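Asker: Have a look at this one.
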Amino acid sequence: MPLRNTSQEWGAIAKTLHWGMALMILAMFVLGWVAQGWPLSPTKIRLFFWHKSTGMLVLTLALIRLLWRLYDPRPPLPPESPSWERGLARATHGVLYLMMLAMPLSGWVINSAAKFPFKVFALVPLPALVAPSKPVQHLAEGVHLGLFWTFSGLLSLHIAAALRHHWVGHNDVLARMLPGRPGSRGGR
């Protein structure tokens, strides 16, 4: 499998970033959800530590992924894809990238406003983005939760669209993004 994308398939770098980040985002969602409901304890602090550290890694990788996407053109959708589908795919991907940036940034604002010292993976100190402020913290928490639900809905739409391409459209849109499996033009 080539490192870079071709007109027929996603390259190894794009696939690795896609699936690696998918797993990290899922882990970040689960850790945040569990930590939120956990009673105040050392376990809750550890859960949030891993949630925040993973979030900062997602933010970093999202920036790398955006740069890679600008550098390495993506394979086109199948020629039979209607224009509305192409437009919806572009818009959804754009908002997904926005979510990959906005979710960790809103979490960073929460952490900053709460005046909670934090080191990413206990190594890299996270500087404050805003001054300590309970109102800002509460506002950022509301934004973070709203982004979570928006991101969850968009990810569900993304997964449903990939499955629709595979099972209804009988094309290779899903297959060419699967790890270790090049796409096969011409459908299944």
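The values are calculated or read from the model by the stated rules, or taken from the named source; none is laboratory data. Worth saying up front: this structure is predicted, and the values here are computed from it rather than measured. Virtual Cβ from ideal backbone geometry, glycine too; neighbours counted across all protein chains shown.
Asker: Quickly run through segment 132-173 and pick out the residues that are in a loop (DSSP other than H, G, I, E, B) and either β-branched (Val, Ile, Thr) or at pLDDT 90 or above (or both).
Answerer: Those that are in a loop (DSSP other than H, G, I, E, B) and either β-branched (Val, Ile, Thr) or at pLDDT 90 or above (or both): PRO132, SER133, VAL168, VAL173.
Asker: If you check VAL34 against the conditions, is it over 30 Å from LEU163 (Cα atoms), aliphatic (A, V, I, L, M) and not in a loop (DSSP other than H, G, I, E, B)?
Answerer: no
Asker: Looking only at segment 72-94, decide whether some residue is over 30 Å from VAL168 (Cα atoms) and without any contact (Cβ under 8 Å) to a residue 60 or more places away in the chain.
Answerer: No, segment 72-94 contains no residue that is over 30 Å from VAL168 (Cα atoms) and without any contact (Cβ under 8 Å) to a residue 60 or more places away in the chain.
Asker: Could you list, ordered by first residue, the pairs with Cβ atoms under 9 Å in which the first is in segment 11-22 and more than 17 Å from TYR97 (Cβ to Cβ) and the second is among the basic types (Lys, Arg) and surrounded by fewer than 17 Cβ atoms within 10 Å (Cβ to Cβ), at least 6 apart or interchain?
Answerer: Listed pairs, sorted by first residue: GLY11/ARG4; ALA12/ARG4.
Asker: Still on this structure: Select from segment 95-121 the residues that are assigned to a loop (DSSP other than H, G, I, E, B) and free of Cβ contacts under 8 Å to residues at least 60 places away in the same chain and list them in ascending order.
Answerer: The initial filter retains those residues of segment 95-121 that are assigned to a loop (DSSP other than H, G, I, E, B), namely 114-118, 121.
Within segment 95-121, ALA114, LYS115, PHE116, PRO117 qualify.
Asker: Next up: When PHE48 is evaluated against the numbered criteria (1) part of a helix (DSSP H, G or I); (2) free of Cβ contacts under 8 Å to residues at least 40 places away in the same chain; (3) loosely packed, with under 15 Cβ neighbours inside 10 Å, which criterion, by number, is the only one it fails?
Answerer: (3)
Asker: Additional query: ALA140: out of contact with any Leu (no Cβ under 8 Å at 6 or more places or on another chain) and loosely packed, with under 15 Cβ neighbours inside 10 Å, yes or no?
Answerer: Taking the combined requirement at face value, the residue does not satisfy it.
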